[in-house]
1. Return yes or no: is residue 104 buried (at least 20 other Cβ atoms within 10 Å of the Cβ), more than 17 Å from the chain's Cα centre (by Cα) and under 30 Å from residue 139 (Cβ atoms)?
2. Out of everything in the stretch 116-163 that is more than 28 Å from residue 74 (Cα to Cα) and in contact (Cβ under 8 Å) with a residue 60 or more places away in the chain, what residue ends up being surrounded by the fewest Cβ atoms within 10 Å (Cβ to Cβ)?
3. Any chance you could count how many residues in the stretch 264-291 are over 12 Å from residue 254 (Cβ atoms) and either touching a helix residue (DSSP H, G or I) at 6+ places or on another chain (Cβ under 6 Å) or outside any helix (DSSP H, G or I) (or both)?
4. Give me a count of the residues in the stretch 177-231 that are in contact (Cβ under 8 Å) with a residue 40 or more places away in the chain, crowded, with 16+ Cβ neighbours inside 10 Å and part of a loop (DSSP other than H, G, I, E, B).
5. Part of a helix (DSSP H, G or I), more than 18 Å from the chain's Cα centre (by Cα) and over 21 Å from residue 286 (Cβ atoms): does that describe residue 45?
6. Among what's in the stretch 18-62 and is in contact with a strand residue (DSSP E or B) (Cβ under 8 Å, 6 or more places away or on another chain) and without any contact (Cβ under 8 Å) to a residue 40 or more places away in the chain, pick the residue that is surrounded by the fewest Cβ atoms within 10 Å (Cβ to Cβ).
7. Tell me, please, whether a residue that is more than 20 Å from the chain's Cα centre (by Cα), closer than 30 Å to residue 234 by Cβ, modelled with pLDDT of 95 or more and in a helix (DSSP H, G or I) can be found in the stretch 156-173.
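The values are calculated or read from the model by the stated rules, or taken from the named source; none is laboratory data. Remember, it's a predicted structure, so these values are computed and weren't measured experimentally. Ideal geometry is used to build each Cβ from the backbone, glycine not excepted, and the neighbour counts take in all protein chains shown.
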């Protein structure tokens, strides 16, 4: 009997079918610690061989290193270009934010060179809350539409943390102008506020990518990085939840990933990966969810622990 395959889901009106687990390539930029070229290439290879077909990066991650490493990994696959879906971003760089038409137009050429590709499937305006939303509407998106016409990109996306930015932009542009939104840290066990926006986004025909199901490290056994912007109260509650799971012989990260994956309105859940082991753990968690379902009992107990901080976010 063949092993169960990773589920594919439709991304809005794009016609793209994404693996429910997406490969977040920011760790390939060494933002969470050292990664060799060999490890980067092996992790991309393993992801593809286990059914992950969506790879997401940005020139900002590791000051362009993530794009270069992902490019090497994809080239090493040696498969036709239409076998995988690539998303990168524009507007946010190591040197700061620049959403001008000129900069984003140059940005895609630089990204394509690093990725060793002729086109990307999705180009997203990166963390738009740090720019002027009116500039995004009046200047950046029209520049991206020209790139779409030129064939360098297939679809246009926007990303950011505050959920209000998505409605602000989508309400002010013609329907179908933006194809995809990438939201992060808002569909996790501790914060599921994205749920309220899903009907609106579906109505707009926009595909939904959910990133950071582990809430940037809050929902892990090791805990978040030093710089994590969450409040001490939120960090403490997530730590308690992690320890509770560990005491039961469970892993909070797996529980968190399965929680995020269980909403079929979300096309893909992006998880940062930089090793074969991480790839295998994430794919196994997704396949286990489709075959045996999530651990409802532990999930309810963890939700109870996190209740006092539910949907608490940071600016």
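1. yes
2. My answer is 162.
3. Of the residues in the stretch 264-291, 13 are over 12 Å from residue 254 (Cβ atoms) and either touching a helix residue (DSSP H, G or I) at 6+ places or on another chain (Cβ under 6 Å) or outside any helix (DSSP H, G or I) (or both).
4. Summing the residues that are in contact (Cβ under 8 Å) with a residue 40 or more places away in the chain, crowded, with 16+ Cβ neighbours inside 10 Å and part of a loop (DSSP other than H, G, I, E, B) in the stretch 177-231 gives 15.
5. In short, no.
6. 55
7. Yes: the stretch 156-173 contains one or more residues that are more than 20 Å from the chain's Cα centre (by Cα), closer than 30 Å to residue 234 by Cβ, modelled with pLDDT of 95 or more and in a helix (DSSP H, G or I).
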